[in-house]
Amino acid sequence: MKKNGQYTIYNSENGVSSDKIRTTIELKNGDILAAGDAGLTYIKDGKVLQNIGEKDGLLNPKMLCTLELEDGTILAGTDGNGIEVIKDGKVSAKYGKAEGLSSEVILRMVADEDGGGVFIVTSNSICYMESDRSIRILDNFPYFNNYDLVGNKNGMLFVPGSAGIYVVDKKDLLDGKEVEYQLLNSKSGLENALTPNAWNYVDQDENLYFSTDNGVTCMNLNHYNASIRSYRMQMKSVEIDGVRHSVKRGEPLYVERGAETIEIFPEIINYSVYKPYVSVYLEGYDKAPKVMQQGELSSVIYTNLPVGSYTFHLAVLDSKDQSVQVESTYQIIKKAEIYDNWWFMLYMVAVFAIAVTYLTWLVFHTQVQRTLNIQKRELELVKKQLEMGNETVLTIARTVDAKDVNTSQHSARVAEYSVMIGKELGFDEQKCSELKRAALLHDIGKIGIPDRILNKPERLTDEEYKEMKSHVVKGGEILKSFTLIDNIEEGALYHHERYDGKGYVHGLKGEEIPLNARIIGIADAFDAMTANRVYRKKLDMDFVLGELKKGRGTQFDPQLTDIMLHLIETGQIDMQRLYDNANVKEEEE
């Protein structure tokens, strides 16, 4: 039939193999495939193209259903000879019991768009053809006399049969799990019997139109439960410490404070054929609902329930996602005495706090001022000690520098370089202060070196050089009992160690050398090269930079060398300013 109402009749007179046609489908190429008692007929543009019957290889030409696969192959379900496979207009294969079918009477074939296979409804079960054409029986399906199979977008399958419509989860069915099913029949609102060998239809809104013995019935595949479920739920009674009480709907149940055991008897009367999941939940006490099948529902016992207000929930759940479908609630109030109220507890806490506060004030009031005065005196003493300590450190450093007229202000410059490096490393103010004091005293051991060696302009003899090197040990000995600054002796004792372990006097290498000593060591070497010495004039800055780079990783810590070079290159170490400030200080003194 065309859209304008014109129609054409195809029968045995104009080429169709039989006048008894059971089904027609439109193929992907636009052709019409008709299937009937004598086989298959292809029709295109109003003309019969080809008939395939018994003489063409169909052992049983009586066709009950057809299905076109993605590659154009036709599966033809027969009335007793399984599935005939038609490829390029020819019979190419056959599937029967030997290939896995439960029966060779094929009532319906439905493509599984998600899995790529085919559901096969036979006369005694449901089978499934995988994408590789292997076939298995879905023996976990609960019924045998089925007519058709349709699915919705939510993964549910609807299987009409002689008992009604079975609703099952497709994934559970294909995975071989024990399926939970719902049966839609006369008891659940489906009043008419379904018609076998009828062709049903699903529209774009997922409304299923199916044939019955009294006409066509429509059912939405997503809302089939709403009108056919009926439950009555109630809290039948409550037993409190062995005494049973009736419960009136809509009124709170009051429980005395001293009650120890509360046993609730919930009841669900089910007017449907389903066996739903149900849940019980005491809001305010239970952490989560307790879920079970209706047949498992029994009394719920609560022991030593705290005083307060609770809500008991009794609910019927959806069988798929266990969302609440129907629910009844009951309020339970366990009475409280005056001392159970939060404001009473707050009052008692407040009274106790006031009493404790008063007693504390009474006992310690006279001690507060005395403690403050002691702390004040201690703070002043500490401040004086720190001031004296700083002055002592500066005085000692100046005394050491004064022994060598060519190294005036040497310790002060080393201290300033060291602090600049420390700040680049992220030292806080306290660490920088300790580093500065250690640097000021790094050459304190030279107090024990004779002036004739210290100020000798010529090259030192081996014995004199040995004596000169001993200043680090002497410095360490002098400072080891200096308690104002932690580990202050490390700067004096280790500032002539080398990163490669070739320094003196202990031969430490790498990070075995304390960090402060490594910092003071490179600062001391830099000042020695850039200042006038008794045995030579200060060196050219380019030469000094070259020596620093040459000593990176051998004499000096590589990271500290990079920081020193950065400070010089960025002008943060200003030699002229340092020496000008030093001269001003000397003139003032």
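Averaging 1/r over each pair of different alpha-carbon atoms in segment 71-171 and inverting the result gives 13.9 Å, the Kirkwood hydrodynamic radius.
Between beta-carbons, use under 13 Å as the cut-off and find the net charge around residue 263, counting Lys and Arg +1, Asp and Glu -1. Don't skip to the end; give the middle numbers.
On the way: positive: 236, 244; negative: 239, 241, 260.
Once positives and negatives cancel, what remains is -1.
Normalised size of segment 232-331, defined as Cα radius of gyration per 2.2 N^0.38 Å with N residues, equals 1.08. Mind running the shape call on segment 71-126? Use the C-alpha gyration tensor, a ≥ b ≥ c as the square roots of the eigenvalues: rounded below 1.5 for a/c, prolate if a/b tops b/c, oblate otherwise. It comes out oblate by the Cα gyration axes.
Between the listed residues 432, 521, 199, the Cα displaced farthest toward the positive end of the dipole of the chain, a dipole computed from Cβ unit charges relative to the Cα centre, is found at 432.
How large is the charge dipole for segment 98-195, taken about the Cα centre, if only the Cβ atoms of Lys, Arg (+1) and Asp, Glu (-1) carry charge, to the nearest 20 debye? My answer is approximately 220 debye.
Solvent exposure of the chain, expressed per residue, is 56 Å² of accessible area, with all protein chains present and a 1.4 angstrom probe. The accessible-area ordering, largest first, of the residues 361, 342, 199 stands as 342, 361, 199, per a 1.4 angstrom probe.
Summing Lys, Arg as +1 and Asp, Glu as -1, what charge do residues with Cβ under 14 Å from the Cβ of residue 107 carry, residue 107 excluded? Provide the component values of the computation, followed by the final result.
Values: positive: 22, 62, 108; negative: 79, 104, 148.
Around residue 107, the surrounding residues sum to 0.
Relative to the dominant Cα principal axis of the chain, helix 541-550 is inclined by about 50°. In terms of accessible area, using a 1.4 Å probe and ignoring ligands and nucleic acids, 470, 418 rank largest first as 470, 418. What the Cβ-Cβ distance of residue 335 and residue 293 gives, at R0 = 45 Å and to the nearest 0.05, is a FRET efficiency of 0.80.
Could you pull out the pairs from 474/549; 94/177; 20/90 whose alpha carbons sit more than 27 Å apart here? Let's see the in-between values first.
Working: 474/549 31 Å; 94/177 30 Å; 20/90 22 Å.
Long pairs (Cα-Cα over 27 Å): 474/549; 94/177.
Please say if segment 150-241 is rounded, prolate or oblate, where rounded means a/c under 1.5 for a ≥ b ≥ c the square roots of the C-alpha gyration tensor eigenvalues, and otherwise the choice is prolate for a/b larger than b/c and oblate otherwise? Prolate. Computed over segment 416-516, the P(r) curve from all C-alpha pair distances, binned at 5 Å from the origin, holds 2, 13, 19, 21, 20, 14, 7, 3, 1 percent per bin. Counting only DSSP beta bridges whose two residues both lie in the chain, roughly 95 percent are antiparallel.
The value of relative contact order for the chain, using C-alpha pairs under 8 Å at least six residues apart, is 5 percent.
Would you mind working out the magnitude of the charge dipole of the chain relative to its Cα centre, with +1 at each Lys and Arg C-beta and -1 at each Asp and Glu C-beta, to the nearest 20 Debye? Mind showing how you got there, number by number?
Details: 67 positive and 88 negative charges, 118 e Å.
The dipole of the chain has a size of about 560 debye.
Give a quick list of chymotrypsin sites (Phe, Trp or Tyr not before Pro) in segment 445-547 that DSSP marks as loop, anything other than H, G, I, E or B, with at most 14 other Cβ atoms within 10 Å. Numbers along the way, then the final one.
Numbers: sites: 465, 482, 494, 499, 504, 526, 535, 543; in loops: 482, 499, 504, 535.
Answer in residue order: 535.
With θ taken as phi - 60° and the Karplus curve 6.51 cos²θ - 1.76 cosθ + 1.60 applied, the whole-hertz 3J(HN,Hα) list for segment 115-128 is x, x, x, 9, 7, 10, 8, 9, 6, 9, 5, 10, 10, 9 Hz, x standing for glycine and proline.
The calculated 222 nm mean residue ellipticity attributable to helices in the chain amounts to -9500 deg cm²/dmol, summing -39500 (n - 2.57) over DSSP H runs of n ≥ 4 and dividing by all residues.
Based on every Cα atom in the chain, Rg and the maximum pairwise Cα distance Dmax equal 50.2, 139 Å.
Heavy-atom accessible surface of residue 265, to the nearest 10 Å², is about 50 Å², with a 1.4 Å probe and all protein chains retained.
Ordered from largest to smallest accessible area (heavy atoms of protein chains, 1.4 Å probe), the residues 212, 570, 261 come out as 570, 261, 212. As I understand it, the value is the acute angle between the Cα axis of helix 575-588 and the longest principal axis of the Cα atoms of the chain; what does it come to in degrees, rounded to 10? Taking Cα atoms only, the helix is inclined about 40 degrees. Counting only protein heavy atoms and using a 1.4 Å probe, the accessible area of residue 566 comes to about 80 Å². If only the Cβ of Lys and Arg carry +1 and only the Cβ of Asp and Glu carry -1, the dipole of segment 1-110 around its Cα centre is close to 200 debye.
Of the whole protein surface, residue 416 contributes about 70 Å² of accessible area at a 1.4 Å probe radius.
Once you have a ≥ b ≥ c as the square roots of the Cα gyration tensor eigenvalues for segment 115-175, tell me rounded if a/c is under 1.5, and otherwise prolate or oblate according to whether a/b is larger than b/c. Working shown, then result.
Values: a/c = 1.84, a/b = 1.23, b/c = 1.50.
Oblate, since a/c reaches 1.5 and b/c is not below a/b.
The values are calculated or read from the model by the stated rules, or taken from the named source; none is laboratory data. This structure is a prediction, so every number in the text was calculated from the model and none was measured. Here Cβ is always computed from backbone atoms with ideal geometry, including for glycine, and neighbour counts include all displayed protein chains. In case anyone asks, the SASA skips ligands and DNA or RNA and just uses the protein heavy atoms, side chains included. Shrake-Rupley method; radii C 1.70, N 1.55, O 1.52, S 1.80 Å.
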